[in-house]
Every structure is written in structure tokens, then in C-alpha cells.
Amino acid sequence: MIAWGLNDFDAADRPTLPLYFWQACSAILNSSKRRRRAIYLLKEGQTTLSAVARSVGSSKSSVFRWYQEYQEGGSKAFRSKAIPGRPPKLSQIEKNRLAEVLLSGPLAAGYRTDLWTLKRIAQTIHKHFGIRYHPNHVRRLLQGMGWSCQKPERRALQRNDKEIVR
């Protein structure tokens, strides 16, 4: 079985925004810088389209498209476009609430053992938010929230901790 825990943070120290948010912000800033650099190099007129594409790490078609957008719309062309895709089923507020439920533990959620599994988390999400997730997708959801997969330490049921310490 696999348990889940928050990466390197306890409840008081965990970041309010997930890692993927910061990665997306960084990607947007880098993309905007690349566009500005490409337009600058093309306006200088000292280099070819291929050379500009190589220097900014992009394709010739992208650089050409950026330049056309710049000519049509000016500095608005430097803004990054939103990446299309299906919106998430859980909002950020619901994800924060889910983190609170998970941090309170499986025993508080009504399970007999103190171990979160993907199936249990999927059931908990359905119980609290009315949204069904396949257990395999729960893994992606948790990773996006900054949680990691952890295997519990195996211990014998008959284990006597006092004898082991001695």
C-alpha cells in the first residue's frame, strides 16, 4: 500500500499556492522574454529568421507568428496566451479544503487504519465534494498539490517496542 504526505512541509509551513502554479508563472515569464528578444532581434534586421529562432530556442514558424502578431497588435503580442484545456473539477478553495481533510488523517475521515490510499482519497473527494475521480487521477491531483507518494514502514503486529529499545 502507498500512503500520501506533504513534501517537506508540515501544516503550518506548507505553501498556499501549489508548485504547478509557480512553474506556470515561470514559464509565462520566460515565454514573454523570448518573444520580446525575438522581436528585438528581428527589428534590428541584422540576423535571419532561422538565427533568431535558434537564439531564443524556438521554431522559425513561432518566431514568424510572433513578429506578425507584433506588427498587427504592437506590444500586446508579448503577452502569453492561456493554454486551452479542460478546467479542473476541484477549485483551488476545494483543493485547500481537501488538504485540510487529508491532514486531519484517515481516522478522522472514518477509516479504521491511519493510512491514506488513492482509493480512499477518491472516496473522500466524492463524499466531501460530490466529484468522482479515478484513483490513478488522484495521484496526479495530489502531485499537483505538492504531495508525494510515501510507503509506510512495515512492522509486525506482535512487535514489542520496549524489548527493541533494550
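The values are calculated or read from the model by the stated rules, or taken from the named source; none is laboratory data. This is a predicted model, so every value here is computed, not measured. Positions of Cβ are generated from backbone atoms using ideal geometry, with glycine treated the same way; all protein chains shown enter the neighbour counts.
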Criterion violated by Phe21 - all others in (1) modelled with pLDDT under 85; (2) farther than 16 Å from Leu141 by Cα satisfied: (2)
Residue check for Ile93: within 20 Å of the chain's Cα centre (by Cα), in a loop (DSSP other than H, G, I, E, B) and on the phi < 0 side of the Ramachandran plot: no
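Filtering segment 125-166 down to residues that are free of Cβ contacts under 8 Å to residues at least 24 places away in the same chain and β-branched (Val, Ile, Thr), which residue is nearest to Pro106 (Cα to Cα)? Step through it out loud before you land on a result.
Within segment 125-166, the first condition is being free of Cβ contacts under 8 Å to residues at least 24 places away in the same chain, and the residues that meet it are 126-127, 130, 132, 134-140, 143, 153-166.
Imposing the further condition that a residue be β-branched (Val, Ile, Thr) reduces the set to 138, 164-165.
Values: Val138: 16, Ile164: 28, Val165: 29 Å.
Ranking the candidates gives Val138 first.
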Residue in segment 68-91 that is assigned by TED's automatic domain parsing to the domain that holds Lys43, without any contact (Cβ under 8 Å) to a residue 40 or more places away in the chain and surrounded by 13 or more Cβ atoms within 10 Å (Cβ to Cβ) present: yes
Enumeration of residues in segment 99-109 that are part of a helix (DSSP H, G or I), over 15 Å from the mean Cα position of the chain (by Cα) and crowded, with 16+ Cβ neighbours inside 10 Å: Val101, Leu102
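Condition check: out of contact with any strand residue (DSSP E or B) (no Cβ under 7 Å at 6 or more places or on another chain) and at pLDDT 95 or above. Does Ile93 satisfy that? Before you say what the answer is, go through the steps one by one.
Values: out of contact with any strand residue (DSSP E or B) (no Cβ under 7 Å at 6 or more places or on another chain): yes; at pLDDT 95 or above: no.
So Ile93 does not fit the description; no.
Sort out which residues of segment 110-131 are closer than 19 Å to Ile93 by Cβ and not in a helix (DSSP H, G or I), and write them in order of number. Even if it seems obvious, please write down each step before you answer.
Going through segment 110-131, the residues closer than 19 Å to Ile93 by Cβ turn out to be 121, 124-131.
The answer is Gly130, Ile131.
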Among (1) surrounded by fewer than 16 Cβ atoms within 10 Å (Cβ to Cβ); (2) over 30 Å from Arg35 (Cα atoms); (3) under 21 Å from the mean Cα position of the chain (by Cα) - the single one His128 does not satisfy: (3)
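Among the residues of segment 132-149, which ones are surrounded by 13 or more Cβ atoms within 10 Å (Cβ to Cβ) and farther than 15 Å from Lys95 by Cβ?
Keep residues of segment 132-149 that are surrounded by 13 or more Cβ atoms within 10 Å (Cβ to Cβ), which gives 133, 135, 137-139, 141-147.
If the condition is that a residue be surrounded by 13 or more Cβ atoms within 10 Å (Cβ to Cβ) and farther than 15 Å from Lys95 by Cβ, then Pro135 is the only one that fits.
Quick grid of which residues meet (1) within 15 Å of Arg37 (Cβ to Cβ); (2) outside any helix (DSSP H, G or I):
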residue: Thr47; (1), (2): yes, yes
residue: Ala53; (1), (2): yes, no
residue: Ser62; (1), (2): yes, no
residue: Gln71; (1), (2): no, no
